[in-house]
Amino acid sequence: MYHERGIRQADIATALNISQAKVSRLLKRAFELGIVRTTVMVAPGVHTALEDELQARYGLLDAVVVDVADDDDESAVFSAIGAAAASYLEATLSGNDRIGISSWSQTLLAMVDRMRPFATRGATEVVQLLGGIGVPDVQHQAQRLAGDLARVLAAEAVYVQAPGLVADRTIRDALLQDAALNEVTRRWRELTMAIVGIGSIEPSDLLAVSGNAFPADDRGRLLERGAVGDICHHVFTVDGTDVTGDIGERIIAIPVEDYRAIPRRIGIAGGQRKHEPILGALAGGWVNVLITDLLTAQALVGGDGGVRPEQAATPRATASA
């Protein structure tokens, strides 16, 4: 009467001429005896067990895995991950977060394009983590990334009015003396959340044409050190070790120590060429929330042998400067 026909407990008590308390006790007893059982059917496209395994294996605060098809191209993967990231932010933002966001990420652009304006404030500010000035034809993409996210969250946008990569340390130090950049560096130390793409050593199309990609000779030296990926131009190996080295003297980005102090660091990336960069980001503790695609997630837990998860079974607490 209760479970199959949907009759209320009070009406069952009247029909059977027993007390409502007895109806409740009998229903509870039916569960204890196994007469009534609860079965949860996982909806298609939901990968709860895989997300739980990612969290346990890499010590993550959270993981989101989105469906993709084996034959999806990189653009389709970006779109799927971007949509998942948009939904994740809409569900988890508190309204008081101070958000840092990396520049020059196609996946993050896909995320912002799929976000709807919040009915109430979603965050207090959105701060660029990496220099956002580049070749004029694509510079608007970096500015739009921070600006549009701030708009949908009803937050203040804070830009880094400098390139992400400069010719030498002297130029970088001179730029960092600017009052506006001093204000940005102060705000970096107050962030509660970072939203970052995870780059590979070979730059994305957007980064390559921006003028902020590492030159070929720098990439060669990084590859000799075993580099596989980067976050905000901080470069790491597959086990998460920071190997940026002297190149770090030419980048204008949030310092490693300030970045690692951010409580929630959300990495949004996927696709075949990002398997090892994502593994390095997880192994080194560069991100503690991951939003990725199904095929990448399966590779990260050893489902297809695509990466070497045994090198990252325990996240590194720190990485060398």
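The values are calculated or read from the model by the stated rules, or taken from the named source; none is laboratory data. In this text, all values refer to a predicted model and were calculated from it rather than measured experimentally. We place every Cβ from the backbone using ideal geometry, glycine too, and count neighbours over all the protein chains shown. Accessible surface is based on the protein model in full, side chains and every heavy atom, while ligands, DNA and RNA are left aside. Shrake-Rupley method; radii C 1.70, N 1.55, O 1.52, S 1.80 Å.
Checking each residue in the range 3-22 for being open to solvent by 90 Å² or more (accessible area, probe 1.4 Å) and in contact with a helix residue (DSSP H, G or I) (Cβ under 6 Å, 6 or more places away or on another chain) picks out only Gln20.
Taken over the range 239-282, the criterion of being farther than 23 Å from Ile99 by Cα and aliphatic (A, V, I, L, M) is satisfied by Val243, Ile247, Leu279.
On the stretch given as the range 23-44, residues that are of a type in the set (Gly, Ala, Ser), exposed (fewer than 10 other Cβ atoms within 10 Å of the Cβ) and either modelled with pLDDT of 90 or more or within 34 Å of the chain's Cα centre (by Cα) (or both) total 1.
Screening Ala76 on (1) closer than 30 Å to Gly302 by Cβ; (2) open to solvent by 50 Å² or more (accessible area, probe 1.4 Å); (3) not β-branched (Val, Ile, Thr) shows it passes everything except condition (2).
Restricting attention to the range 57-71, which residues are open to solvent by less than 30 Å² (accessible area, probe 1.4 Å) and either outside any strand (DSSP E or B) or of a type outside the set (A, V, I, L, M) (or both)? Tyr58, Leu60, Val68 - these are the residues of the range 57-71 that are open to solvent by less than 30 Å² (accessible area, probe 1.4 Å) and either outside any strand (DSSP E or B) or of a type outside the set (A, V, I, L, M) (or both).
Inspection of the range 222-240 finds no residue satisfying the criterion of being within 19 Å of Arg264 (Cα to Cα), at pLDDT 95 or above and surrounded by fewer than 17 Cβ atoms within 10 Å (Cβ to Cβ).
From the list Ser94, Ser87, Ser102, the one residue that fits, being more than 14 Å from the chain's Cα centre (by Cα) and of a type outside the set (Val, Ile, Thr), is Ser94. Could you list all residues from the range 186-208 that are open to solvent by 20 Å² or more (accessible area, probe 1.4 Å), modelled with pLDDT of 95 or more and in a helix (DSSP H, G or I)? Passing the criteria: Arg186, Arg187. Could you count how many residues in the range 58-84 are in contact with a Ser or Thr (Cβ under 7 Å, 6 or more places away or on another chain) and among the β-branched types (Val, Ile, Thr)? Of the residues in that region, 2 qualify. May I ask you to list the residues in the range 79-94 that are among the aromatic types (Phe, Trp, Tyr) and modelled with pLDDT under 90? Of everything in the range 79-94, nothing turns out to be among the aromatic types (Phe, Trp, Tyr) and modelled with pLDDT under 90.
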